[in-house]
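What follows is a short report on a single structure.
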Amino acid sequence: MAQLHCYVPEDIARQAQQKAAQSGLSLSRYLAELVKRDTVNNAGWPEGYFDLFGKWEGEPLERLPQGEYEKRLELK
């Protein structure tokens with residue numbers, strides 16, 4: 001497992017230590033969970049993304065006529 005080092009202001013460090021203690025985790029484990037959650041959530045599709053397909057509840061969608069293709073010169 002990789003080891004990371006960072007510097008934060010004292011007040012942020014105290015807040016992080018308090019949050020870790022409230023969560024029943026060591027500070028290292030608490031910070032690792034924050035980093036993991038942030039990187040995993042942004043690594044791909046949002047949770048439940050594919051559950052949305054076919055869920056349209058409004059009026060049926062209708063595609064209007066698109067008209068004729070424009071006439072272009074042929075490439076030679």
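Every number here is computed from the coordinates shown, using simple stated rules; none is lab data. Keep in mind that what you see is a predicted model, and the values were worked out from it rather than measured. Ideal geometry is used to build each Cβ from the backbone, glycine not excepted, and the neighbour counts take in all protein chains shown.
Computed values, structure above
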quantity	calculated
Gain in span if fully extended, Asp51 to Ala21, counting 0.36 nm per residue against the direct Cα distance	7.2 nm
Net lengthening on full extension, Tyr7/Glu74 (0.36 nm per residue, minus Cα-Cα)	17.7 nm
Given the chain, longest segment not containing exposed loop chymotrypsin sites (Phe, Trp or Tyr not before Pro) (DSSP; at most 13 other Cβ within 10 Å)	8-52
Range of Cα positions in the chain per principal axis (Å), largest first	69, 43, 26
When the stretch 1-42 is reduced to its Cα atoms, the Kirkwood hydrodynamic radius in Å	11.0 Å
Estimated 222 nm signal from helices in the chain, with DSSP H stretches of n ≥ 4 weighted -39500 (n - 2.57), rounded to 500	-12500 deg cm²/dmol
